[in-house]
Amino acid sequence: MFKSLIAALALSAASIAPAAADTIRVGMSGGYFPFTFVEQDVLQGFEVDFLNAIGEVTGDDIEFVTMSFSGQIGALESNRIDTIANQLTITPEREAKFVFSQPYVYDGAQIVVRRGNEVGIGGPDDLSGKSVAVNLGSNFEELLRELPNSADIDIRTYESNIEQDVAIGRVDAFVMDRVSTGQVIAKSPAPLEQAGEPFSEIRNALPFRNDEAGNALRDKVDAAITTLKENGKLAEISEKWLDADVTQPAAETVPAE
């Protein structure tokens with residue numbers, strides 16, 4: 001009887017004890033201001049705060065693994081990381097490989113040129129005959145290659161220093177998401193300017209491997225994103241880093257006051 005009581009108490013204690021925290025390994029470049037970047041040896045940015053907030057909701061530990069953007073898909077496929085937080089765009093090709101969380105950033109592709117060179121560039125149609133830089137492995141190369149005039153655009157891929165080469169005239173323009181370009185222009189001493197309006201809506205989300213464990217982690221993280229949207233934390237993080245709430249579809253995006 002006594003042994004049975006001890007066993008029952010132990011079982012009860014085990015059932016109410018908090019589950020051990022999992023570690024979610026998050027791949028990011030640490031070189032995509034203001035989303036993920038290193039300043040004074042500290043990894044910071046929108047994505048860092050966002051993933052840490054997810055960890056606070058789920059009770060999991062977040063481990064950031066920095067690597068080149070072009071290597072992140074391979075790292076996810078080979079189980080070296082569990083997801084990617086680097087403004088990864090949902091595309092049909094990526095959806096065929098991975099399962100995605102709900103979008104947490106809505107944006108558009110933006111052309112940037114050296115200040116004074118924006119005349120005559122009102123959109124992607126005006127990129128014919130121009131050299132245009134994009135980040136290696138990003139969705140922007142694909143967006144440019146899908147344009148009707150893509151054969152007339154000299155598309156160049158970069159690992160880094162994309163804005164410097166535009167500023168010194170080595171390339172005519174670069175394409176990046178609208179929010180990042182605004183922040184890069186504000187922070188950089190280089191004379192840069194947005195050219196034309198954003199094109200092609202971009203939805204950024206977290207990808208996970210399409211297996212049992214990956215789907216379970218996606219569901220847990222997705223529920224946390226819903227919580228962060230409902231309690232206003234995600235909008236707060238967006239306004240902190242981007243001076244706007246870009247966590248809603250473009251038609252509903254609200255600039256910060």
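The values are calculated or read from the model by the stated rules, or taken from the named source; none is laboratory data. The structure presented is a predicted model; accordingly, all values stated were derived computationally and were not measured. Ideal geometry is used to build each Cβ from the backbone, glycine not excepted, and the neighbour counts take in all protein chains shown.
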Check: Mind checking which residues of the stretch 44-81 are touching a residue at least 60 places away in the same chain (Cβ under 8 Å), under 14 Å from D222 (Cα atoms) and within 16 Å of the chain's Cα centre (by Cα)?
Finding: F50, A53, I54
Check: Restricting the search to the stretch 107-135, which residues are more than 12 Å from E197 (Cα to Cα), of a type in the set (G, A, S) and in a strand (DSSP E or B)?
Finding: S131, A133
Next item on the list: Restrict the check to the stretch 197-216 and report whether at least one residue is touching a Ser or Thr at 6+ places or on another chain (Cβ under 6 Å), assigned to a loop (DSSP other than H, G, I, E, B) and touching a residue at least 40 places away in the same chain (Cβ under 8 Å).
Entry: yes
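Does A13 count as modelled with pLDDT of 95 or more and of a type in the set (A, V, I, L, M, F, W, C)?
no
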Check: In the stretch 136-174, what residues are within 21 Å of P191 (Cβ to Cβ) and either of a type in the set (S, T, Y) or outside any helix (DSSP H, G or I) (or both)?
Finding: R156, Y158, S160, N161, I168, G169, R170, V171, D172, A173, F174
Note to self: Could you check the stretch 39-77 and list, in sequence order, the residues that are among the polar types (S, T, N, Q) and either within 23 Å of E236 (Cβ to Cβ) or not in a helix (DSSP H, G or I) (or both)?
What the structure shows: Q40, Q44, N52, T58, T66, S68
Check: For M67, are the conditions met, namely being touching a strand residue (DSSP E or B) at 6+ places or on another chain (Cβ under 7 Å) and within 23 Å of V246 (Cβ to Cβ)?
Finding: no
